[in-house]
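Notes follow the structure.
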Amino acid sequence: MIIMKTIQEIDDELEKISEEYSKLFDREQELNEEKKKLLIKEILDNKSFNRYKWVVKKKDGPGFILKPMFDNDLRFDDIQTKLGLYPHGGFQLNDNIEIHGDDGDLYIVSSDINAGIEFIKSQNIEIIISKGIIHSIASMEKQVVELKEFVSQFNIIKDR
């Protein structure tokens, strides 16, 4: 004997499944957020980024990028695995600091210079400034001095 459900019975069952799915989805979001907070705490508490020296790179827009200088093959595989950064991915530590994974490489991206400097200090990260940046600063300083000398030669400065 075949028992057929009515359309209303099927609709009722689908509605119950939908409600349960919604509850599970909400719980999944809560657990993911809790896990993210624990991962951030673990990374920051362990000062995981001070294993290596880092090179400061200029980035488009405000802020800067830190790239590690490796002296062995261990790198940051443990962090990238925990944060799900393989093969490409990002993990927001806070409003201004993000960790990027790119085919096994790891970068710290700061969208704000002051926040980035505070992060470097708080994590005891040793940084290396590239000669190119130092040269650019020296060149800019020289240009400023030359411009000041040029402007100082005029008695009257007009602002238009």
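Here are a few things to note about the model shown:
- For the pair Met140 and Phe70, label points projected 7 Å from Cα toward Cβ lie 3.2 nm apart.
- Using the Cβ-Cβ distance between Asn94 and Asn124 with R0 set to 22 Å, the FRET efficiency works out to roughly 0.80.
- Alpha carbon centroid spacing (whole Å) that separates region 1-66 from region 134-149: 49
- In region 1-101, the C-alpha radius of gyration followed by the widest Cα-Cα span (Dmax) gives 22.7, 75 angstrom.
- Relative contact order, percent, region 73-160 [alpha-carbon distance under 8 Å, six or more residues apart]: 15
- Per-residue Karplus couplings for region 40-46, computed as 6.51 cos²θ - 1.76 cosθ + 1.60 with θ equal to phi - 60°, are listed in order as 4, 4, 4, 5, 6, 5, 7 Hz, Gly and Pro entered as x.
- Relative contact order (%) - criterion: Cα under 8 Å, at least six apart; region: the chain: 20
- Nitroxide proxy distance, nm - points 7 Å out along Cα→Cβ at Glu33 and Ile133: 3.5
Taken together, the values in this text are just the output of simple stated rules run on the coordinates, not laboratory data. As the structure is a computational prediction, the values presented were derived from the model and not from experiment. Positions of Cβ are backbone-derived with ideal geometry, glycine not excepted, and every protein chain shown enters the neighbour counts.
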